[in-house]
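Every read-out reported here was derived from the displayed coordinates using simple, explicitly stated rules and does not represent laboratory data. Please read these numbers as outputs of a predicted model, since none were measured by experiment. Neighbour counts are summed over all protein chains in view; Cβ atoms, including those assigned to glycine, are modelled from backbone coordinates with ideal geometry.
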Amino acid sequence: MSQNTISLKWLAYTFLIGLSANACFSILTITLVPFSPFPFLTLFFAVNHFYGLYIKEAHNEISVRPAWGAFFIGIFSYSAFLGAQYPELGSNFISITLTLILSIWLMYKLMFGDKHYSA
């Protein structure tokens with residue numbers, strides 16, 4: 001893999017890891033959220049597959065910042081979802097705002113940054 005490619009698999013896995021990590025944390029700390037084993041399974045398999053992908057593409061430094069952005073988009077989007085589903089938890093304005101800002105940044109990075117992507 002060339003160093004000038006942003007791996008879309010990295011973005012998908014880090015988004016899924018952020019989403020399921022926040023879901024696991026919410027299940028364990030918020031009493032309104034019912035228990036389900038699926039976020040824990042999703043987190044385990046996503047981290048396992050991402051680690052294998054990271055080992056295979058170890059020198060892909062151009063994908064690190066977009067991957068962190070996708071990770072935080074996953075975290076804040078699940079927080080926004082919980083705020084919409086359970087309004088008694090409080091406002092979800094900050095999580096929606098951060099999700100939109102990070103999504104716009106990631107879209108700008110993918111559209112106008114390097115024009116090389118790998119699936």
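Listed by Cβ neighbour count within 10 Å, with the fewest neighbours leading, K56, K9 appear as K56, K9. Projecting the Cα atoms of L8, S26, A67 onto the dipole axis of the chain, where Lys and Arg carry +1 and Asp and Glu carry -1 at the beta carbon, places L8 farthest toward the positive end. A Förster radius of 30 Å, combined with the Cβ-Cβ distance separating I30 from V64, puts the computed FRET efficiency at roughly 0.45. Taking the longest Cα principal axis of the chain as reference, the axis of helix 8-29 is set at about 20 degrees. Dipole magnitude for the chain: about 200 debye, using +1 per Lys or Arg Cβ and -1 per Asp or Glu Cβ, origin at the Cα centre.
Relative to the globular-protein estimate of 2.2 N^0.38 Å, the Cα radius of gyration of the chain stands at 1.15.
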